[in-house]
1. Go over the candidates GLN379, GLN348 one by one and state the one that is more than 23 Å from ARG236 (Cβ to Cβ) and either among the polar types (S, T, N, Q) or in contact with a strand residue (DSSP E or B) (Cβ under 7 Å, 6 or more places away or on another chain) (or both).
2. Does PHE196 fit the bill of being among the aromatic types (Phe, Trp, Tyr) and surrounded by fewer than 16 Cβ atoms within 10 Å (Cβ to Cβ)?
3. Would a scan of the range 325-348 turn up a residue that is over 24 Å from LEU230 (Cβ atoms), part of a helix (DSSP H, G or I) and aromatic (Phe, Trp, Tyr)?
4. Within the group VAL161, VAL178, which residue is within 26 Å of PHE196 (Cβ to Cβ) and either modelled with pLDDT of 85 or more or small (Gly, Ala, Ser) (or both)?
5. Before we move on, is CYS52 crowded, with 16+ Cβ neighbours inside 10 Å, within 17 Å of ALA14 (Cβ to Cβ) and at pLDDT below 80?
6. When you scan the range 289-299, do you find a residue that is touching a helix residue (DSSP H, G or I) at 6+ places or on another chain (Cβ under 9 Å) and more than 30 Å from PHE404 (Cα to Cα), even just one?
7. Which condition number does SER304 fail, the rest of (1) in a helix (DSSP H, G or I); (2) at pLDDT 95 or above; (3) of a type outside the set (Val, Ile, Thr) being met?
Amino acid sequence: MKRVLIVCDLFPPAFGPRMGYLCKYLKPLGWEPVVVTEQIPSGGFEMLSHTCKVYAVDCYPAKRAWLRKWKWIAVQLVSLFFDYKGWKLKRVARRVMAAGKFDLVLCSTYRTFPLRAAASLAREGGIPLVADLRDIIEQYAGSEFIAHRIPEIPLLKPLLVSIFRKQNLRERNAVLRVAEAVTTVSPWHVDILSQFNANVHLIYNGFDPEIFFPQPQKTAQFVITYTGRLLSLAMRDPSLLFAGLRRLADEGLLSPKNCRVDWYVDDDSWWLIAAEAEKWGVSLFMCQRGYVPAADIPRILNQSSLLLLLTNKSAGKGPKGVMTTKLFESLAVRKPILCVRNDEGVLQETLRKTGAGCAASTVEEVCAFLRTNFLVWQQNGYTEALVRDEAIAPFSRKEQAAQFVRLFESLKK
């Protein structure tokens, strides 16, 4: 059996479904994955945490929370001059590589870390490097690509964001130029990354066909569901939905008695949602549910009447090429999808091709979509989207693992 060393920033039980599902399906295809990653608190993906051997490296070892915070700050400062976290991962990965032969290194990241470490390991082992970019800095509307919040200090924040952006792009692009291949998640991302590597492959995010499939369930209310995070209103803007709810409430069609919006989000996201809902006078429709384990998501989606995708227009400073995992999981359960605001890009095109829902640019479009599906729910007690199997087949995690394997085989020395 061939072996791939996966060096990544996140892996289950922390958030990291792309690599978690890949490892689940690699072994039946003749490749054994071994993972080296940073140790991160659980993100609810315990169901994928035992798919392969994982070496999780603690980059901020400390028992007390305040000490870990100060260590994090120190590491960020040191990282301006020295790749400390990459060095820690390399120490572990070198021991792993010394214990057995590997055929390829795959590095998956949403920004830059641990690309340099992975490139060094591939070079030392004389084996190919594949860089997998799940998200890239260029797709964000502002500073959302920075994982930790920067204080709103005039002049200082823009300076820090600019320095961080330039440094990360420089380091990322240097590795992309020497990688044997690059994989990424949308056609827009392919176009951007092709500037730095001629061998870029599109492998979408997707859904696990073993756990995401339609199981229609009748509900006592018309339930609109959102799962995920709101990094900013510039990236994900729910205002069109709220405007539509307000108008249909004024018409007497919708009320908090027959309709609710369930938000499976963190506290920071909820504050943004609650403040915006208050502006539109629809707070009584809103229900904060909090984060839930990933294993609960199929049930939650199937118990919903309509699934919500939040984004913004991709032109100008808007988000670019964002195709979140929740899109594909929503497609798999065959529920109607409302995308607000219309990105006028890859999400709109995907919904058009699959016939799964509406990418709305106006309040009138939101109202029409809500009204149509609400009336179906009133009649049947549930809703469904008539999505063809062949339309969503390319988004299966199982098929995407086969795509990775075909790429690996073409590069194996």
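The values are calculated or read from the model by the stated rules, or taken from the named source; none is laboratory data. The structure presented is a predicted model; accordingly, all values stated were derived computationally and were not measured. Backbone-built Cβ (ideal geometry, glycine too); neighbour counts: all protein chains shown.
1. On the way: GLN348 fails: more than 23 Å from ARG236 (Cβ to Cβ).
Result of the check over GLN379, GLN348: GLN379.
2. no
3. To start, the set of residues in the range 325-348 that are over 24 Å from LEU230 (Cβ atoms) comprises 334.
Pick out the ones that are also part of a helix (DSSP H, G or I) and you get none.
Scanning the range 325-348, I find no residue that is over 24 Å from LEU230 (Cβ atoms), part of a helix (DSSP H, G or I) and aromatic (Phe, Trp, Tyr), so the answer is no.
4. Working: VAL161 fails: either modelled with pLDDT of 85 or more or small (Gly, Ala, Ser) (or both).
Just a single option satisfies the conditions, and that option is VAL178.
5. Details: crowded, with 16+ Cβ neighbours inside 10 Å: yes; within 17 Å of ALA14 (Cβ to Cβ): yes; at pLDDT below 80: no.
In short, no.
6. Step one: list which residues in the range 289-299 are touching a helix residue (DSSP H, G or I) at 6+ places or on another chain (Cβ under 9 Å), which gives 289-290, 292-295, 297-298.
Those left that are additionally more than 30 Å from PHE404 (Cα to Cα): 289-290.
Looking for residues that are touching a helix residue (DSSP H, G or I) at 6+ places or on another chain (Cβ under 9 Å) and more than 30 Å from PHE404 (Cα to Cα), one finds at least one in the range 289-299, hence yes.
7. It fails just one condition, (1).
Condition check ((1) surrounded by fewer than 18 Cβ atoms within 10 Å (Cβ to Cβ); (2) in contact with a helix residue (DSSP H, G or I) (Cβ under 9 Å, 6 or more places away or on another chain); (3) of a type in the set (Lys, Arg)) across all residues:
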position	(1), (2), (3)
ALA359	no, yes, no
ASN373	no, no, no
THR383	no, yes, no
ALA402	yes, yes, no
